[in-house]
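The values are calculated or read from the model by the stated rules, or taken from the named source; none is laboratory data. Because the structure is a prediction, the values reported are computed rather than measured. Here the Cβ positions follow ideal geometry from the backbone for every residue, glycine too, while neighbour counts run over all protein chains shown.
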Amino acid sequence: MGYLSMNIGIIGLPFVGKTTLFQLFSGVSGQTAAGSETRVVKVKDPRVDTLSRIYQPKKTTYATIQFTDTPGLDPKAGAKERNRIFGILQGVDALLWVIGNFEGSEKTPREQAEDIKSEIIIRDLEIVENGIDRLKHAKYKLEKPEEELLDFLERLHHPLDQTLLPGAEYREEAEKRKAVGGLNLCSIKPSILLLNSDEASFAIETPEIKRIREDCAQNRLGWLELSGKFEMELNDFTPEERADLLTSIGLNETGIERLVREVYEHIGLISFFTVGDEEVRAWTVREKTGAKDAAGKIHTDFERGFIRAEVMRFEDLAREGQEKKLKELGLVKVVGKDHIVEDGDILYIRFNI
């Protein structure tokens, strides 16, 4: 089974720098079934480098994040074009709202954010209302899962009807029930607002930007600002020159590195590792993932036939340098399927099918 990366869908109005941003993703290109472009980006992690030095494997594989682009979301466009955009976003795990912050822009950053929010809410409200209507007028007695779905949709309708993005508690309930998996509601996907500023506007906290940051906090959106044009120019310099330029503006990471970190922190992602002579590899899962579910990320057979997992901590192995030493010190744990995988765990999966 091929491992699927976390998939982030990019949404924004026309002419906000989405194309420039997408060009910064220097990963493997591809296309979705709907024809949109994708990029798979490596997640830089010095822990992977350390583990590779210890094991000297034939192959080293970093965790990845997939970004999926969409056409510009024009509020004046017809339903067909909007449906195409949201059709592309159906399969993504989270959304990246790209907002342009340029001198002379037709719309202010806050107006752009409101347009995106409105388009998402209007679409999801229609889906929720159709679902409620279908269940309420069903010509048969609803089964318990359908009754629970109806209750969930009615509760979800309230914030949407008030033009509010539903809180994370709805997302957690949806994931727990798997009730809305077929509805593909963008309003409950984790979302990050990326402010793409020109160099004249970058890092300037105007009243407009302050209000957007407050809106993000209220709507539980992640927040990041970068300058796509500046980031493109950075690519023309050596790594040493790039580091000096970033330091000169008070940064120690590129915009893409900061974006990846924000994705991990806002969505609640962690990395665990598998190691050996053949391959050292980083894997990405959500926080609070159990060992059995994490095993399934590696291969479905590992989850199906899961017996137990042996767990080491990265920092212990990095300090001692050998698995043998960790075993002598009692630093290798044997855990069951309900063990919650933590960031930095190194797993050996024992299974039988």
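Observations, loosely collected:
- Selection count where residues are within 27 Å of HIS266 (Cα to Cα) and in a loop (DSSP other than H, G, I, E, B), scope the range 75-106: 5
- Failed item in (1) touching a Pro at 6+ places or on another chain (Cβ under 9 Å); (2) free of Cβ contacts under 8 Å to residues at least 12 places away in the same chain; (3) not small (Gly, Ala, Ser), with ARG220 passing the rest: (2)
- Residue count, the range 118-149 (criterion: surrounded by fewer than 16 Cβ atoms within 10 Å (Cβ to Cβ), among the acidic types (Asp, Glu) and under 25 Å from LEU89 (Cβ atoms)): 3
- Here GLU257, GLU233 are screened, and the one residue that is closer than 24 Å to LEU95 by Cβ and either of a type outside the set (A, V, I, L, M, F, W, C) or not assigned by TED's automatic domain parsing to the domain that holds GLU111 (or both) is GLU257.
- Scan of the range 261-271 for residues that are at pLDDT 95 or above and outside any helix (DSSP H, G or I), ordered by number: LEU269, ILE270, SER271
- Complete set of residues in the range 309-353 that are of a type outside the set (Asp, Glu), more than 13 Å from ALA294 (Cβ to Cβ) and touching a Gly at 6+ places or on another chain (Cβ under 8 Å): ARG313, PHE314, ASN352, ILE353
Conditions tested, residue by residue: (1) on the phi < 0 side of the Ramachandran plot; (2) surrounded by 18 or more Cβ atoms within 10 Å (Cβ to Cβ); (3) in a loop (DSSP other than H, G, I, E, B).
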position: ASP151; (1), (2), (3): yes, no, no
position: GLU154; (1), (2), (3): yes, no, no
position: LEU164; (1), (2), (3): yes, no, yes
position: GLU172; (1), (2), (3): yes, no, no
position: LEU193; (1), (2), (3): yes, yes, no
position: ILE204; (1), (2), (3): yes, no, yes
position: GLN218; (1), (2), (3): yes, no, no
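- Output for the range 86-115, where each listed residue is among the hydrophobic types (A, V, I, L, M, F, W, C) and more than 18 Å from the chain's Cα centre (by Cα): PHE102, ALA113
- Residue match in the range 245-260 (condition: loosely packed, with under 12 Cβ neighbours inside 10 Å, within 30 Å of GLU175 (Cα to Cα), at pLDDT below 95 and out of contact with any Phe, Trp or Tyr (no Cβ under 9 Å at 6 or more places or on another chain)): no
- GLU231 vs. criteria part of a helix (DSSP H, G or I) and touching a Pro at 6+ places or on another chain (Cβ under 7 Å): no
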